[in-house]
Amino acid sequence: MIGTINGKKVEFSKDQTVLEVARANGHFIPTLCELADLDHTPGTCRVCLVDIKRRNDVNHRIVTSCTTPMEEGMAVLTRTPKVRQMQRLQVELLLADHNQDCASCVRHGNCELQDVAQFVGLEQTRYNYPEFYERRTRDYSSPSVVRDMSKCIRCFRCVKVCREIQGIDALVITQKGLETEISVRDHLPLNESDCISCGQCILVCPVGALAGRNNIEDAMDLIYNPELITVVQFAPAVRTAMGEEFNMAKGENVEAKMITALKRLGVDVVLDTNFAADLVIMEEGSELLHRLKNKGTLPMFTSCCPGWVNFVEKNYPEMTPNISTTSSPQQCLGAMAKTYLAEKMDLDPDRIRVISIMPCTAKKGEAQRPEFQRNGRPDVDVVLTTREFSRLLKREGLDLAKLEDSQFDNPWMTDYSGAAVIFGNTGGVMEAAVRTVHKLVTGNELDAVEYTDLRGDALRREATVDLGPALGEVKLAVVHTLKEARRLMDEIKSGNSPYGFVEVMACPGGCQGGGGQPRSKHSYHGTARERSQGIYNIDKNRTIRQSHNNPMIKRLYADFLKKPLGHKSHELLHTTYRDRRRRINHSMHEIWKEIEERS
Ligand code: SF4
Ligand code: SF4
Ligand code: SF4
Ligand code: FES
């Protein structure tokens, strides 16, 4: 089919919108609510206006390009005076109903509304109606996600991602017209709702209406307190994503520069969560074998994703015995820093504070779980996301791209295997576990350490591992996104699951796509491939690629823990889970109100 855009001939196929054809042919049209990666075109923001003239029309019309199909013979104009004026007015109206504290907004500099305001040439805002936006909800109840609906532009991207990617459906559209608001289902505070704190909604929010909880000042209070010994760890997936915040190459490994940055900040001890990932494999792999040998609860689920743990506790509490009792790498490192490291370095454990840098918003809640408090103090004191750590460095005038490289210098808890770093990708925990479990059972290393059946983008991947005559073949499954996890759980509950061991990561692509990672404008996981490949490249280049061969892990067991699943491990590295199902009784009045709100 053929039409024109700004006088230039364009070819297109049936079912393409004006916006899609314009983009394919290099004509820029501003957008705000639309998000192609989610196939999301609610048509609510109306900033993508264009002038069209259909083949048989006499008159021109102004339409939203994201919802209008391109037609044979259609002539589209994107920059007429009327289009520009109407786009400008539309942005003014959006701002009139928007809390404009841009200078202090978490999204400052990364805000898609600021961008469109610049694009349409807005020089001043004539309208401002605080009486509308100030009565909207501000919800600080969650340790992970902050909701400030005074900034919401009602693009509904968050509703879509929570419902269709995660299958959680915690967010709903309530009211109508000017009163329209994104609410939490059943009007609950977020921390009491079905939300599992994954932060995926934050990644798609074009403005500062959804944000991670800000703990930067808490971290600074610890780092700049001379009475305290600050220990910082950073997770596998952070190092191939953080460079994006400093205009570095996508997927570049910035581990060495992060060490320099932390030293410049005055952090006392820099550790690597990868070390603890190797430790988790030793404990979790041994736990799997113990369950297989002793007819324990199967399938065993991985436990390192707190979004997933939240999901099971809130939706399938009867299946918490299936979750490995091994704590996550973040928590294992915290526990080891305040015991083993304190002993080795002759430090007063009461003065040690652990800060984590994580790709994850749910890790903030994990660190606050009562199960991870010991002698009145948490194993991990403060959790920063990758985005927060980037903001902290910028506040301190540190440009990661310009820093020199440094190496880890702590001799106790920094070495890691290639198996540890792939924890950052979906399938990585399972692949790492297979490398070690095979050795534990057969006494031999795997011929090929890269278990490609477990890699890839498919929401569920399967493989079978042969664990010898005594244990036989064990069927493995790797799942990412909670929508797929729910499908799997329902299969297991109905007795239709062949699996012995299941890895679940809440976020698409695993932690590299975590809700605390750098976000890209107009894109959902646009850099996933590079981040993921960066992680696999680190694994490929490590001399040691199996957790059980990490010399620092061997020394930890020899000097302190003695053996996997031993007494000290149980005390420090294993945890318990709870039934956190939401119990809510609706009155007929409430049910009727919801029906009205949805209609
Ligand atoms: S954090 Fe995750 S579960 Fe919670 S509202 Fe956002 S997308 Fe939904
Ligand atoms: S909270 Fe953000 S993502 Fe959700 S509708 Fe509002 S602006 Fe859009
Ligand atoms: S997949 Fe990773 S980033 Fe996402 S919730 Fe789980 S642990 Fe956090
Ligand atoms: S981008 Fe088209 S209406 Fe929002």
- Counting just the residues of segment 481-524 that are crowded, with 22+ Cβ neighbours inside 10 Å and of a type in the set (S, T, N, Q), which one comes out farthest from ligand 1 (Cβ to nearest atom)? Gln512
- Looking at Ala528, Ala558, which one is open to solvent by 10 Å² or more (accessible area, probe 1.4 Å), over 22 Å from the mean Cα position of the chain (by Cα) and small (Gly, Ala, Ser)? Ala558
- Checking Asn191 against (1) away from ligand 3 (no atom under 16 Å from the Cβ); (2) farther than 23 Å from Ala96 by Cα; (3) open to solvent by 40 Å² or more (accessible area, probe 1.4 Å), which single condition isn't satisfied? (1)
- Task: Within segment 367-412, track down each residue that is open to solvent by 40 Å² or more (accessible area, probe 1.4 Å), closer than 25 Å to His570 by Cβ and of a type in the set (Gly, Ala, Ser).
- Result: Gly376
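Yes or no, residue by residue, for (1) modelled with pLDDT under 95; (2) among the charged types (D, E, K, R); (3) away from ligand 1 (no atom under 13 Å from the Cβ):
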| site | (1), (2), (3) |
| --- | --- |
| Asp101 | yes, yes, yes |
| Cys105 | yes, no, yes |
| Arg126 | yes, yes, yes |
| Tyr140 | no, no, yes |
| Cys155 | no, no, yes |
| Lys160 | no, yes, no |
- Tabulated pairs, segment 424-437, first closer than 16 Å to Met505 by Cβ, second open to solvent by 10 Å² or more (accessible area, probe 1.4 Å) and basic (Lys, Arg), C-beta under 7 angstrom, 6+ apart or interchain: Gly427/Arg455; Gly427/Arg461
- Query: Does Gly509 satisfy being under 20 Å from Leu384 (Cβ atoms) and modelled with pLDDT of 95 or more?
  - Reply: no
- Query: Would you pick out the residues in segment 512-551 that are within 16 Å of ligand 4 (Cβ to nearest atom) and closer than 25 Å to Leu384 by Cβ?
  - Reply: Lys521, Ser523, Tyr524
- Complete set of residues in segment 37-57 that are outside any loop (DSSP other than H, G, I, E, B), surrounded by fewer than 19 Cβ atoms within 10 Å (Cβ to Cβ) and within 16 Å of ligand 2 (Cβ to nearest atom): Asp37, Leu38
- Query: Residues Thr436, Thr426: which one is in a helix (DSSP H, G or I), out of contact with any Leu (no Cβ under 8 Å at 6 or more places or on another chain) and in the same structural domain as Thr240 (by TED's automatic domain parsing)?
  - Reply: Thr436
- Task: Considering only residues that are open to solvent by less than 40 Å² (accessible area, probe 1.4 Å) and not hydrophobic (A, V, I, L, M, F, W, C), look in segment 457-475 and name the one that is modelled with the lowest pLDDT.
- Result: Gly468
- Query: Given (1) away from ligand 3 (no atom under 16 Å from the Cβ); (2) in the same structural domain as Pro508 (by TED's automatic domain parsing); (3) among the aliphatic types (A, V, I, L, M); (4) not in a loop (DSSP other than H, G, I, E, B), where does Ala249 come up short, assuming only one miss?
  - Reply: (4)
- Note on the structure: Scanning segment 130-183 for residues that are within 11 Å of ligand 2 (Cβ to nearest atom), touching a helix residue (DSSP H, G or I) at 6+ places or on another chain (Cβ under 7 Å) and under 15 Å from Ile196 (Cα atoms) gives Val145, Arg147, Cys158, Val161, Cys162, Leu171
- Message: Please determine whether any residue of segment 355-366 is farther than 23 Å from Thr273 by Cβ, away from ligand 3 (no atom under 16 Å from the Cβ) and either surrounded by fewer than 21 Cβ atoms within 10 Å (Cβ to Cβ) or touching a residue at least 12 places away in the same chain (Cβ under 8 Å) (or both).
- Response: no
- Please give the helices (runs of 4 or more DSSP H) falling wholly within segment 98-164 in which 3 or more residues are in contact with a Gly (Cβ under 9 Å, 6 or more places away or on another chain). none
- Message: Could you tell me how many of the residues in segment 159-175 are touching a strand residue (DSSP E or B) at 6+ places or on another chain (Cβ under 9 Å) and within 16 Å of ligand 3 (Cβ to nearest atom)?
- Response: 3
- Task: Could you please let me know if Cys195 is near ligand 1 (Cβ under 9 Å from one of its atoms), on the phi < 0 side of the Ramachandran plot and touching a residue at least 24 places away in the same chain (Cβ under 8 Å)?
- Result: yes
- Query: Would you call Ile281 touching a helix residue (DSSP H, G or I) at 6+ places or on another chain (Cβ under 9 Å), surrounded by fewer than 24 Cβ atoms within 10 Å (Cβ to Cβ) and β-branched (Val, Ile, Thr)?
  - Reply: no
- Of (1) of a type in the set (A, V, I, L, M); (2) buried (at least 22 other Cβ atoms within 10 Å of the Cβ); (3) near ligand 4 (Cβ under 10 Å from one of its atoms), Ala22 fails just (3)
- Query: If we scan segment 65-76, do we find a residue that is near ligand 4 (Cβ under 10 Å from one of its atoms), out of contact with any Cys (no Cβ under 8 Å at 6 or more places or on another chain), not basic (Lys, Arg) and not in a strand (DSSP E or B)?
  - Reply: yes
- When both residues are 6+ apart or on different chains and their Cβ atoms are under 8 Å apart, which pairs have a first residue that lies in segment 524-545 and is within 18 Å of Asp37 (Cα to Cα), and a second that is of a type in the set (D, E, K, R) and surrounded by fewer than 17 Cβ atoms within 10 Å (Cβ to Cβ)? Tyr524/Asp37; His525/Asp37; Gly526/Asp37
- Return the pairs, sorted by first residue and then second, in which the second residue is of a type in the set (S, T, N, Q), the first residue lies in segment 294-318 and is open to solvent by 30 Å² or more (accessible area, probe 1.4 Å), the beta carbons are less than 8 Å apart, and the residues are 6+ apart or on different chains. Thr297/Asn322; Leu298/Asn322
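The values are calculated or read from the model by the stated rules, or taken from the named source; none is laboratory data. As the structure is a computational prediction, the values presented were derived from the model and not from experiment. Note: ideal-geometry Cβ built from the backbone for every residue, glycine included; neighbour counts use all protein chains shown. Note: areas computed on protein heavy atoms with side chains; ligands, DNA, RNA excluded. Shrake-Rupley method; radii C 1.70, N 1.55, O 1.52, S 1.80 Å.
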